[in-house]
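Trainee: Attaching a single structure in C-alpha cells format; questions to follow.
All of the numbers you see were taken from the coordinates with simple rules; none came from a lab. Everything quoted here is computed from the prediction, not taken from an experiment. Every residue, glycine among them, receives a Cβ derived from its backbone with ideal geometry; neighbour counts consider all protein chains shown.
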Amino acid sequence: MVMPTRIRLLQLLADGRFHSGESLAVALGVSRAAIWKQVRQLRDAFGQDVHAVRGRGYRLARPLDLLDSERISAQFSDETGAQISVIHLHQSLDSTNSWLMEQARKGAANGTVCLAEQQSAGRGRHGRRWISPYGSNVYLSLLWRFELAPMRLSGLSLAAGIAVLRTLREFGAVEAGLKWPNDILWQQKKLAGLLLEVSGESEGPAQVVLGVGLNTHMDEQGAVIDQPWTDLRSIAGVRPHTRNELVASLIENLVRVANLYASEGLQPFMQEWHDADLMLGRQVVVRNARGAIQGQHRGIDENGALLLAVEGDIRSFHAGEVSLRSEGS
Ligand code: BTN
C-alpha cells in the first residue's frame, strides 16, 4: 500500500526538530508549495500543531513517538509471534474494536491485531466515548477465537485486566491496580480500560475482540473526560519506553492470558486479581440497570462476578459500575 504524503510528512517531522521545506520536498518528491499545503492540513487531520519559522523550516510543536508494526512484532516471544497472524496499523479509524469486529465477521484469523494512531469514535464501556488523540496513548484490539460457549467467557474480561496490569507494572507503574470488572487505576484515577465484545454460537465457538485503551500521554482533549484519569507520563517511576515496546508487551500478555483462560478459565488468575483489587473490603456502591446497591466489596467469584456483602447476605453482580461509597452517595 502506498502511504499518503501527509503521513510520510508526519513521520519525517515526528522527531520534533526543524526540517527545511526544501529537504521535505526532496524527501517526499513533491513541491515546496505542496509541503506547505500538507503542513496546514496536519492540524485538521491529526490535531498536530506545526511551527513554521522563516529560514529554519517546520517542526512539530511536540515530537511524536509513532507506532511501527515491524518494530512491535520484532519484540514478540516465539510463542506469541506464532499466534499473531497480522498487525493492521491505521493512522485513523472510528474505533479499532468496530473495525476488527467487522473483519472478524468476514473471517479474519485468530490473533489479528488492529492498532490506530487515532480514533474518531473510540468506544468505552457503558456507551461512553474513549478520547483518542493522534500519536499518543494506545488504542489496540485483538481478535481471539475460543472453542468455548460465549457464556463461559464471562471471566475473560477480568483476566484481560491482569494482562494489562502486568504490562503496566513491567514498565514501572507498580502501584496500578484493578477495579471490577476491568478498569486499571492508579491512585483511583483511570489509566487504562478494556472493552470486550463477544459473539458466537450459544454452544461455541465464540470470538472475542479485546479492546485496550491505555493513556500514555493525554493531550488537551483530556479536559472532556468525565471521570478522574491519569496517563503514564504523569506517573513517577515509569521507565523510559516507546509506544512500540508498550504495545508489544500488551499483546504478549494478552496472548498468554487468552491461552491460559481457554484451558483453565479464570481460576489461575484469581489470586493475582485479589491482590490487585483496589476496592476489596471497601464500602462501595454498585450501579446497574436495576438501581444502586450499597455494600462491602468482597472480591470476585470464579465466573468473574462481583461479590457484595449487603445486610448480612453475599450478593453477586454480573454487570454494573462500582464506585467508592464516599464518591457519590
Ligand atoms: C472502558 O470504558 O474502560 C473501556 C475503554 C476501551 C477503549 C478501547 S481503545 C481501543 C478499543 N477500541 C475502542 O473503540 N474501544 C477500545
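Trainee: Ranked from highest to lowest mean number of other Cβ atoms within 10 Å per residue, what is the order of the peptides 117-123, 81-87, 131-137?
Mentor: Taking the mean over residues of other Cβ atoms within 10 Å, the ranking is 131-137, 117-123, 81-87.
Trainee: What is the magnitude of the charge dipole of region 279-327 about its Cα centre, with +1 placed on the Cβ of each Lys and Arg, -1 on the Cβ of each Asp and Glu, and no other charges, expressed in debye to the nearest 20?
Mentor: Dipole size: approximately 140 debye.
Trainee: Here's another thing I want to ask about it. So who's got an amide H within less than 5 Å of the one on Q48, skipping anything under 5 residues away but keeping other chains? H placed 1.01 Å off N, in plane.
Mentor: R43
Trainee: Nearest 10 degrees is fine. How inclined is helix 243-264 to the longest principal axis of the chain, computing both from alpha carbons?
Mentor: It works out to around 30 degrees.
Trainee: For L194, what is the net charge nearby, where nearby means another residue's Cβ is under 11 Å from its Cβ and Lys, Arg count +1, Asp, Glu -1? Working shown, then result.
Mentor: Working: positive: R125; negative: D183, E197.
Summing Lys and Arg as +1 and Asp and Glu as -1 gives -1.
Trainee: For region 40-62 and region 251-329, compute the distance between their C-alpha centroids and round to whole Å.
Mentor: If we compute the Cα centre of each part, the gap is 46 Å.
Trainee: Quick one: helix 32-46 against the long Cα principal axis of the chain, what's the angle to the nearest 10°, folded into 0 to 90?
Mentor: Approximately 20 degrees, to the nearest 10.
Trainee: Then there is this: If the elastic network links every pair of Cα atoms under 10 Å, which of G21, G55, G295 fluctuates the most in the Gaussian network model of the chain?
Mentor: Top of the fluctuation ranking is G55.
Trainee: Could you pull out every one of the lysines with an alpha carbon less than 29 Å from that of K189, ignoring same-chain neighbours closer than 8 positions?
Mentor: Qualifying lysines at Cα under 29 Å: K179.
Trainee: Please state the Cα pair-distance histogram of region 69-275 with 10 angstrom bins from zero: what percent is in each bin?
Mentor: The distribution over region 69-275 is 9, 38, 40, 13, 1, given as percents.
Trainee: I would also like to ask the following. Output ³J(HN,Hα) for region 89-99: one whole-Hz value per residue in order, computed from phi by the Karplus curve 6.51 cos²θ - 1.76 cosθ + 1.60 with θ = phi - 60°, and x for Gly and Pro.
Mentor: Coupling constants for region 89-99: 10, 10, 6, 8, 9, 5, 7, 5, 5, 4, 4 Hz.
Trainee: Rounded, prolate or oblate: which fits region 5-60, taking a ≥ b ≥ c as square roots of the Cα gyration tensor eigenvalues, rounded meaning a/c under 1.5, else prolate when a/b beats b/c?
Mentor: Working: a/c = 1.40, a/b = 1.13, b/c = 1.25.
Since a/c stays below 1.5, the shape of region 5-60 is classed as rounded.
Trainee: Could I ask something else about it? If you average the C-alpha positions of region 159-174 and of region 222-236 separately, how far apart do those two centres end up, in angstrom?
Mentor: 17
Trainee: Now a separate question. Counting helices only, and only those DSSP H runs with n ≥ 4, report the 222 nm mean residue ellipticity of the chain as the sum of -39,500 (n - 2.57) divided by its residues, in deg cm²/dmol to the nearest 500.
Mentor: Calculated mean residue ellipticity at 222 nm is -9000 deg cm²/dmol.
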